[in-house]
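Down below is the structure, laid out as structure tokens.
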Amino acid sequence: MREHGILRIVARLLIPLIMLFGLYIQFHGDYSPGGGFQAGVVFASAWILFVLIYGLDDALKVIPERAMFVLMLLGVLLYAAVGIAGVLLGGHFLNFYPLLPGKHAAQQFGIITVELGVGVTVATVMMLIFTQFARRRQLLAEVNEEVD
Amino acid sequence: MTLVELMPFSVLVPLIAAPLCALLPGRILPWLLALASAIASTVIAALVLPQAIDGPLSYAFGNWPPPIGIEYRVDSANAFVALLVSGLAVLATLWGRKSVNEELDQPQGVFYSLFLLALAGLMGITLTGDAFNVFVFLEISSLSTYALIAHGPDRRALLASFRYLIMGTVGATFFLIGVGFLYIMTGTLNMADLAERLPEVADTRTVHVALAFIIVGMGLKLAMLPLHLWLPNAYTYAPNFISVFIAGTATKVALYVMIRMIYTVFGADYSYAVLPLTAVFLALALAGMFIGAWTAIFQANLKRMLAWSSISQVGYMLLGLALGTVAGLTATFLHLFNHALIKAALFMAVGTVAWRVGSVRIEAFRGLGRQMPWTMTAFALAGLSIIGIPTTAGFISKWYLILAAMDAGQPWLVALIVISSLMAVVYVWRVIEAAWFQSRPADAETVREAPLSLLVPLWLMVGLNFWFGLDTRLPVAGATAAAEALFGPTGVTP
């Protein structure tokens with residue numbers, strides 16, 4: 001849809017705003033409604049809009065599929081690492097208090113880091129799912145060529 | 001680090017190893033990581049079991065005290081099931097490497113990562129003391145199992161997986177609706193807390209409906225007879241390694257959840273009084289025993305035959321539950337343990353033949369007895385165990401089931417148990433007859449015995465069947481402790 005001028009201009013305006021809004025939800029998740037899941041979905045929707053306007057090939061130049069895959073796993077590992085850190089510092093799994101000296105600072109640091117892990121994973125999973133569906137026609141064509 | 005602090009790591013190790021596993025390249029590294037995590041999980045579960053028999057262990061996640069926070073609460077019932085699940089995962093993984101290599105060309109990081117997620121999910125369901133957490137782990141294990149089944153070499157695996165996805169999601173949703181109703185009425189999700197708060201509201205329609213929803217939801221997951229339709233295809237078309245693993249674990253864990261909800265959360269007196277559970281379980285158990293075994297007799301595909309046999313064996317477990325006595329529940333737990341060993345051994349034997357011959361249809365087994373003697377002998381011995389010949393594990397659980405039936409004053413059940421065991425003779429004999437009493441077709445190529453890396457885990461599994469048939473201390477003590485823990489004082493009285 002690159003040839004549609006209106007769509008292109010509107011998307012160019014909207015994409016950064018959507019991403020910014022995603023980050024806003026992400027980093028305000030600890031004391032206002034929101035959090036990693038919602039932020040990840042909003043952030044991924046900006047990228048999906050980019051794919052719709054500019055096509056999948058350009059979008060995969062921005063972030064290759066392998067990078068999405070690795071980020072998806074790193075998000076989970078970040079979550080787990082915060083949990084393990086609590087254990088190593090003498091608490092139970094996912095106990096945030098031992099992470100930093102101040103009680104409030106420790107809770108905030110813990111929840112922000114965990115939510116960042118969630119956000120990264122949710123965003124990349126959304127992008128990967130969309131990529132798989134977007135590539136379906138291309139994959140089918142390849143399979144059909146093999147059959148022929 | 002104390003044992004209580006170590007306990008949740010039998011879930012956390014596979015859960016954290018899963019994303020790492022997906023990052024590993026090639027085939028051997030993911031397998032090694034999966035094996036190592038399964039072993040770690042088993043060691044922790046084995047350490048926890050003796051402690052849990054002495055008294056329940058409780059671990060509060062994030063140091064949030066229960067009932068606000070999520071609690072892992074391990075008594076002898078779930079410690080016993082956890083040891084079974086993780087131990088079986090180790091043996092299945094040991095056996096699985098060659099089989100998975102055969103069925104999957106691509107790098108196997110994602111495959112073993114899914115397997116670790118399924119394992120973590122099953123362990124999590126078992127150990128948690130929080131009703132909603134059960135649902136979360138149920139979804140983790142189910143979703144990864146759907147994906148694993150879809151990895152099957154046959155294209156029909158996709159359809160089998162999709163059908164299981166639909167049915168499994170219905171089951172999980174029913175369970176969630178039930179838990180939701182309980183939450184509406186009590187405002188808590190912690191199982192022990194639920195058990196304390198339920199008596200006040202026990203006589204409301206909402207709680208009755210909650211119990212019904214939970215039983216139907218879990219009945220779907222454990223393939224209770226009219227809800228079993230997902231199972232035969234899922235077991236048949238899954239990769240052989242996954243058939244071995246889920247046949248031994250998935251339905252067992254669902255059964256454990258059902259027992260836990262009936263006995264600990266609602267209380268046995270209440271559950272059996274409010275719903276006609278004895279009649280329902282008895283009817284469905286008997287129907288399952290006979291229809292499962294009868295259908296198994298006519299299957300040409302041996303994996304499908306074993307799947308139907310599983311439905312029949314689930315019947316025995318439900319029968320113990322239907323009796324509603326300590327002895328009956330002991331028999332249920334014993335058969336849960338022993339059937340996992342038997343069915344894993346049988347699926348390994350059939351999978352070994354599939355690896356060598358490339359088919360699991362009964363025609364492919366003709367004359368195999370002479371060409372693959374070790375594999376087929378293992379199948380025959382595991383077959384003896386599923387029939388319930390003395391000195392095998394299968395005999396022990398049937399013996400306890402018969403004792404429980406006599407004890408409950410229902411001797412006519414003994415005859416039915418014996419008759420359905422005789423039906424097991426028929427479907428096991430068909431294979432033995434094909435393997436030893438028919439000659440190899442002239443056009444079939446000669447096959448050699450399977451390599452040791454498949455035979456050793458298979459024989460280990462068969463050995464366990466005889467070990468626990470002769471030395472019954474671990475399963476009987478574990479099952480008795482499990483049944484007694486569930487009949488403990490936490491029950492709700494109507």
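Computed from the coordinates by the stated procedures, all read-outs in this text should not be read as laboratory data. Note that the coordinates shown come from a computational prediction; the quantities given were computed from them, not determined experimentally. Positions of Cβ are backbone-derived with ideal geometry, glycine not excepted, and every protein chain shown enters the neighbour counts.
When a footprinting reagent is the concern and you count Cβ atoms within 10 Å, what order do A:12, B:97, B:197 take, fewest first?
Fewest to most other Cβ atoms nearby, the residues stand as A:12, B:197, B:97.
Could you give the length gained by full extension between residue A:136 and residue A:104, i.e. 0.36 nm per residue of separation minus their alpha carbon distance, to one decimal place?
Here the segment from residue A:136 to residue A:104 would lengthen by 6.7 nm.
In 5 Å bins starting at 0, how do the alpha-carbon pair distances of region B:384-469 split up by percent?
3, 12, 14, 16, 18, 13, 9, 7, 4, 3, 1, 0
Could you work out the mean count of beta carbons from other protein chains within 10 Å of each residue's beta carbon in B:342-350?
What the average comes to for B:342-350 is 0.
If you find the alpha carbon centre of region A:12-47 and of region B:160-239, how far apart are they in angstrom?
35 Å
What average count of beta carbons from other chains do you get within 10 Å of the Cβ of residues in A:77-89?
Shielding by partners across A:77-89 averages 3.
With runs of 4+ DSSP H residues as the only contributors, calculate the mean residue ellipticity of the protein assembly as shown at 222 nm using -39,500 (n - 2.57) per run, divided by the residue total and rounded to the nearest 500.
-26000 deg cm²/dmol
If each of residue B:297 and residue B:283 carries a label point 7 Å out from its Cα toward its Cβ, how far apart are those two points in nm?
Inter-label distance under the simple model: 2.4 nm.
Within 10 Å, count the other beta carbons around each residue, average over each peptide in B:71-77, B:206-212, and list them highest first.
My ranking of the peptides, most packed first, is B:71-77, B:206-212.
Please rank A:3, B:484, fewest neighbouring Cβ atoms within 10 Å first, as an exposure proxy.
Listing A:3, B:484 from fewest to most nearby Cβ atoms yields A:3, B:484.
Taking loop as defined by DSSP and a crowding limit of 15 other beta carbons within 10 Å, which trypsin sites (Lys or Arg not before Pro) in region B:361-448 fit?
When the trypsin sites (Lys or Arg not before Pro) of region B:361-448 are filtered for loop state and at most 15 Cβ neighbours within 10 Å, B:448 remain.
Which Cα, out of B:279, B:198, B:208, lies furthest along the positive dipole direction of region B:177-297 (beta carbon charges, K/R +1, D/E -1)?
Value: B:279.
Could you compute how fast region A:5-147 diffuses translationally, taking Rh as the Kirkwood radius over C-alpha pairs and applying Stokes-Einstein at 10 °C with viscosity 1.306 mPa s? Give it in µm² per second.
Result for D is 94 µm²/s.
So for region B:277-494, taking the charge dipole from beta-carbon charges (+1 Lys/Arg, -1 Asp/Glu), which of B:450, B:487, B:342 sits furthest toward the positive end?
B:450
Just the ratio, please: alpha-carbon radius of gyration of chain B over 2.2 N^0.38 Å, N its number of residues.
0.92
Starting with the fewest neighbours, write out B:260, A:66, B:27 ranked by other beta-carbon atoms found within 10 Å of each beta-carbon.
A:66, B:27, B:260
More than 16 Å apart: what percent of Cα pairs in region B:6-95 qualify?
58 percent
Could you please state, rounded to a whole Å, how far the C-alpha centre of region B:24-72 is from the C-alpha centre of region B:310-375?
The two parts, judged by their Cα centres, are 27 Å apart.
For residue A:145 and residue A:10 in the same chain, what is the full-extension length gain: residue separation times 0.36 nm, less their Cα-Cα distance, in nm?
44.8 nm
Apply 1/(1 + (r/R0)^6) to the Cβ-Cβ distance of residue A:129 and residue B:206, taking R0 = 30 Å, and write down the FRET efficiency to the nearest 0.05.
Working from the Cβ atoms, E equals 0.20.
About the Cα centre, and with charges only on the beta carbon of Lys, Arg (+1) and Asp, Glu (-1), how big is the dipole of the protein assembly as shown? Nearest 20 debye, please.
Dipole size: approximately 980 debye.
What FRET efficiency, computed as 1/(1 + (r/R0)^6) with R0 = 60 Å and r the Cβ-Cβ distance, is obtained for residue B:155 and residue B:64, rounded to the nearest 0.05?
0.80
Could you give the dipole magnitude of region B:319-438 about its Cα centre, charging the beta-carbon of Lys and Arg +1 and that of Asp and Glu -1, in debye to the nearest 20?
So the dipole magnitude of region B:319-438 works out to roughly 360 debye.
Percent of Cα-Cα pairs more than 32 Å apart in the protein assembly as shown, please.
51 percent
Which semi-axes, in whole Å and largest first, does the equivalent ellipsoid of region B:336-494 have when worked out from the alpha carbon gyration tensor as the square roots of 5 times its eigenvalues?
Three semi-axes, in Å: 36, 18, 12.
For region B:160-222, what number results from the quotient of the Cα radius of gyration and 2.2 N^0.38 Å?
1.23
Once R0 is set to 51 Å, what does the formula 1/(1 + (r/R0)^6) return for the Cβ-Cβ distance between residue B:456 and residue A:23, expressed as a FRET efficiency to the nearest 0.05?
That gives a FRET efficiency of 0.40.
Starting from 0.36 nm per residue, how many nanometres of slack lie between residue B:326 and residue B:166 once their C-alpha separation is accounted for?
Gain on extension, residue B:326 to residue B:166, equals 54.1 nm.
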